[in-house]
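Visitor: Below is the structure I would like to discuss, written out as structure tokens.
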Amino acid sequence: MDATQYPLRTTALGAFATIALYSLALAQSADGSATPEHLQWTPTKPMLTARYGHVAVSLPNGQVLVTGGFGGKGGGSVLNSTEIYDPVSQRWSKTSAMAIPRLATKAVLLLDGRVLTVGGQSVETITVWDRKVTSLSFDGVTSAEVYSPAHKTWSAIGPMAVGRLDHTLTVLKDGRVLVVGGRSATYDALDYKLFDSAELLDPTKGRWTMAGSMITQRICHTATLLPNGKVLVAGGRTGRPTYSSKTVTSSAELYDSASGTWAKATNMSMPRCGHTATLLPSGKVLVTGGEDDEEADVDAMITEVVREKGSNFTAADLDTALAKDTRPYLNSAELYDPATNQWLPTGHMSGARSGHTALLLSNGSVIVARGHDSNSLDLNSAEIYEPAKGTWLNTGSMNDTVGLGATFSLLPDGKVLVAGGDRGYVESKPGFRERLARGIYRKEDFNENSALSSTEFLSY
């Protein structure tokens, strides 16, 4: 399995605690909804560093902090660099770097205005052209760091008990931060451990404590802070996938920070992983898309073939395994009502997508964008959900055809800033999967300059 493929294409979103302070100047129809003729994607100043799988957090002053991810000029390393976007000057500037490179990390805005990043994995340098990986550190990261906008510096904060990625990070009403689930990091697509554990950080003391265990271990789930202070954890995978097992769940559970306990919630209407969950102004939670895993993911299939056949596997063996990839990608959406502990139907997206992003706009609408579709093709499309109607509005296509690894941030003027992303692989090349399964890398198998520095606005 190729270390540049799994799990590097991880989409991460920042925390947007100040969204309610921003005024979105939407062009609207008579009933208050956005109109498609006023939705426009416009390129803007590129980042200083090409990256994907990074995190972005909107700061209280309206600027956007971007850090970590995978890319750089050579396109083959995990990054610790950090940069700031200023919407007034529309320029990017360098700020201090994190202590270590981080990929598949999570970041949130703390109540005191600082930025916390936790976990992920740290890979030093990967040599990918025509040879095996030569330098690789694939351990899950226990450490956490805090960025101070006032001092423009990162500083260490106490480490977690467990190194993890594919976890969630949620700021509670009292300012503590809840980390839930995730997995260990490993080079092997099947050889990793899933966690049901949760931890709590008190950022004023820099101290972590265990927060009990979920009913179900999970990765690729969502975690949403509800108006009543509880945290809704929904969906994800509950086990390591194989091409003969089903591991995606519809289950949900609630964490009560007051009592420090977990309780079962009503199941979603269908299993989902790679979905999004967004808290609406009404207090309901909008869940969109994802995949209902009838079979295993591609990475697991390839790994099983290599394990079974050893070095004697052929391209035909891989093709036979990959033919079993029948994962249905979802265009459906549903709403969780905390008052009744029930899931409610709502309008479907125009197309299926998984691994996408979702961002709440200050008018109460939700933009859902990018990801990949049922054919594993990267998407450059976006749609806007209007809660009052339960309907979706197509925004048109973005300028870069980039499916995964970009970030979306809401700016003070209401524009949505999209930064970076990944052009991915050229999977049509003969012998592509076989080479990756053998740990052999060729430059022609990758899109040139796979990681992007480009940015663009969605304006209204």
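The values are calculated or read from the model by the stated rules, or taken from the named source; none is laboratory data. If you're wondering where the values come from, they're calculated on a predicted model, not measured in any experiment. Cβ: placed from backbone, ideal geometry, glycine included. Neighbour counts: every protein chain shown.
Visitor: Where residues in the stretch 389-413 are of a type outside the set (A, V, I, L, M), modelled with pLDDT of 90 or more and part of a loop (DSSP other than H, G, I, E, B), which of them is surrounded by the fewest Cβ atoms within 10 Å (Cβ to Cβ)? Quick ask: steps written out before the conclusion?
Guide: Going residue by residue through the stretch 389-413, those that are of a type outside the set (A, V, I, L, M) are 389-392, 394-397, 399-401, 403, 405, 407-409, 412-413.
Checking which are modelled with pLDDT of 90 or more leaves us with 389-392, 407-409, 412-413.
Checking which are part of a loop (DSSP other than H, G, I, E, B) leaves us with 389-390, 412-413.
Working: LYS389: 13, GLY390: 15, PRO412: 17, ASP413: 15.
Taking the candidates together, the pick is LYS389.
Visitor: Could I ask something else about it? Within the stretch 47-63, which residues are within 21 Å of the chain's Cα centre (by Cα) and surrounded by fewer than 23 Cβ atoms within 10 Å (Cβ to Cβ)?
Guide: Of the residues in the stretch 47-63, the ones within 21 Å of the chain's Cα centre (by Cα) are 47, 49-59, 63.
MET47, THR49, LEU59, GLN63, listed by residue number.
Visitor: Please indicate, with yes or no, whether at least one residue in the stretch 180-193 is assigned to a strand (DSSP E or B) and modelled with pLDDT of 95 or more. Even if it seems obvious, please write down each step before you answer.
Guide: Taking the stretch 180-193 as the starting set, the residues that turn out to be assigned to a strand (DSSP E or B) are 180, 183.
After this cut, where a residue has to be modelled with pLDDT of 95 or more as well, the list is 180.
Yes - at least one qualifying residue is present in the stretch 180-193.
Visitor: If I ask for residues that are at pLDDT 90 or above and surrounded by fewer than 18 Cβ atoms within 10 Å (Cβ to Cβ), which ones from the stretch 371-386 would you list?
Guide: None - no residue of the stretch 371-386 is at pLDDT 90 or above and surrounded by fewer than 18 Cβ atoms within 10 Å (Cβ to Cβ), so the list stays empty.
Visitor: Filter the stretch 414-434 for residues that are closer than 20 Å to GLY355 by Cβ and assigned to a loop (DSSP other than H, G, I, E, B); which is modelled with the highest pLDDT?
Guide: GLY420
Visitor: Also, quick follow-up: Please list, ordered by first then second residue, the pairs with beta carbon atoms under 6 Å, 6 or more apart or interchain, first in the stretch 345-363 and touching a residue at least 40 places away in the same chain (Cβ under 8 Å) and aliphatic (A, V, I, L, M), second crowded, with 20+ Cβ neighbours inside 10 Å and not in a strand (DSSP E or B).
Guide: Filtered contacts from the stretch 345-363: ALA352/LEU330.
Visitor: Under 7 Å between Cβ atoms, which residue pairs at least 6 apart in sequence (or on different chains) link something in the stretch 259-274 that is at positive phi with a partner that is of a type in the set (A, V, I, L, M, F, W, C) and in a loop (DSSP other than H, G, I, E, B)?
Guide: What qualifies is GLY274/CYS220.
Visitor: Tell me, yes or no, whether the stretch 315-325 has at least one residue that is modelled with pLDDT of 65 or more, on the phi > 0 side of the Ramachandran plot and of a type in the set (Gly, Ala, Ser). Walk me through it before giving the result.
Guide: Let us first name the residues in the stretch 315-325 that are modelled with pLDDT of 65 or more, namely 315-321.
Checking the rest, the ones that are also on the phi > 0 side of the Ramachandran plot come to none.
No.
Visitor: Run down ILE84, ILE19 and say which single residue is modelled with pLDDT under 50, under 21 Å from the mean Cα position of the chain (by Cα) and either surrounded by 16 or more Cβ atoms within 10 Å (Cβ to Cβ) or under 25 Å from GLY290 (Cβ atoms) (or both). First the steps, then the outcome.
Guide: On the way: ILE84 fails: modelled with pLDDT under 50.
ILE19 is the lone residue from the list that is modelled with pLDDT under 50, under 21 Å from the mean Cα position of the chain (by Cα) and either surrounded by 16 or more Cβ atoms within 10 Å (Cβ to Cβ) or under 25 Å from GLY290 (Cβ atoms) (or both).
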